[in-house]
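Step one of this worksheet: look at the structure below.
The values are calculated or read from the model by the stated rules, or taken from the named source; none is laboratory data. Computed from a predicted model, the values in this text were never measured in an experiment. Positions of Cβ are generated from backbone atoms using ideal geometry, with glycine treated the same way; all protein chains shown enter the neighbour counts. Remember, those area values only see protein heavy atoms, side chains included, never the ligands or the DNA or RNA. Shrake-Rupley method; radii C 1.70, N 1.55, O 1.52, S 1.80 Å.
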Amino acid sequence: MLTLIAPATASAQIMLAVLVWRQSALPGRREMAAALCLGALYFLHAAFPEVLRPLVPIIVAGPLVFNRALGLGLGLTPRPLQVDAALLVLLVGLAGLGFVFSPAQLVWDALSLYLFFELPVRLWRRLPGDLLNARRRVSYALLAAGALLGAGLAIASVLGGSTPAATVGALLTFLLCLATVAFGGELKRTLSPEPKGLDAAETRLLQRVRAEMANTYADPRLSLSRLAQRLGIAEHRLRRVIHAGEGEEHFSRYLNRWRIESFKARAKEEGTILELALSVGYNSLSAFNRAFKASEGITPSAFRAALKAKTSDASPKTPDTMSGQ
């Protein structure tokens, strides 16, 4: 059964990869097309393992490559390269060891499942503040498809083992690919690029957004939905105005920008860095340090020290200070 379904599924995935590649408005289309092609290779190997044995090193690294490629395509912050390199070595090593030591294969399976399920969890956590409406729609579709596919694989694996699981996975993937291709026209409409500029009404709304942010950025509970409620507008409209007017792709980055700029303006004030971080809306020093370094490239303490040194050097010398030289 698998030998019949796998080639059809692989063909459908390649068709979908071509469709995704041609959607120039889709963020990360290259990475998602690559992930689909990798999935096609996986199902072909499951059906014809002897023929595709030379490709085993690529196949066993598939969960990691799929995780990273699709994550980049959906705008998720990637893990450091050295971490993924270590995971790659671990996956390949476990797969090789699994031929002579069966528990190693179980560890490989567990790590692969983690990589597959970690992605939708991160995607779900990122969705509320995502400012790109097209990417949000694609993310919801992928989460729904992933839930269906994961449930089918889990049931088949429990009831029949790895071969039935691969068969059910190939069949569900085939049906999902056909459904996606069938709604290709809707996909084009959904992913059509939004106008880059703001009209007069949106420009006025942006001024309201900035005024409201100036009053509320320090609220630790501030979110995109709370801001939309305070302004009395729909979330999708607020997303567009912030994305097109401020050039941000996620609300957390936009909020961090306000908070970090406020800290920088107040860095010379008395008080510890923790006190200043709390006053601009952060819940902890560690969260503030991560956000500040990601934005400015240095730690808050280094920024403050450099600012104080610059202020000291620029201060005018009095006769008293000159006589002490």
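Per-structure values
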item: For His250, distant residues with modelled amide H under 5 Å away; result: Leu131
item: Accessible area of Asp199 in the full protein assembly, 1.4 Å probe (Å², nearest 10); result: 80
item: Region 13-67-region 83-155 distance, computed between alpha-carbon centres (Å); result: 14
item: Residues Leu127 and Leu198, FRET efficiency given R0 of 25 Å [Cβ-Cβ distance, rounded to 0.05]; result: 0.55
item: 3J(HN,Hα) from dihedral phi, region 201-211, Karplus parametrisation 6.51/-1.76/1.60, rounded to Hz, x for glycine, proline; result: 5, 5, 5, 5, 5, 4, 5, 5, 4, 5, 5
item: By average C-beta atoms within 10 angstrom, highest first, the peptides 168-176, 57-65, 283-291; result: 168-176, 57-65, 283-291
item: Calculated diffusion of region 189-298, Stokes-Einstein form, Kirkwood radius summed over Cα pairs, 10 °C and 1.306 mPa s, µm²/s; result: 105
item: Where Tyr282, Tyr217, Tyr114 fall by accessible area, highest first, once all protein chains stay in place (1.4 Å); result: Tyr114, Tyr217, Tyr282
item: Sequence of Phe99, Phe43, Phe66 from largest to smallest accessible area, 1.4 Å probe; result: Phe99, Phe66, Phe43
item: Exposure rank, largest accessible area first [Arg304, Arg208, Arg125, Arg257; 1.4 Å]; result: Arg125, Arg208, Arg257, Arg304
item: Under the Karplus curve 6.51 cos²θ - 1.76 cosθ + 1.60, θ = phi - 60°, whole-Hz ³J(HN,Hα) for region 14-19, x wherever Gly or Pro sits; result: 5, 4, 5, 4, 5, 4
item: Efficiency of FRET between Ala8 and Gln105 - r from beta-carbon atoms, R0 41 angstrom, step 0.05; result: 0.90
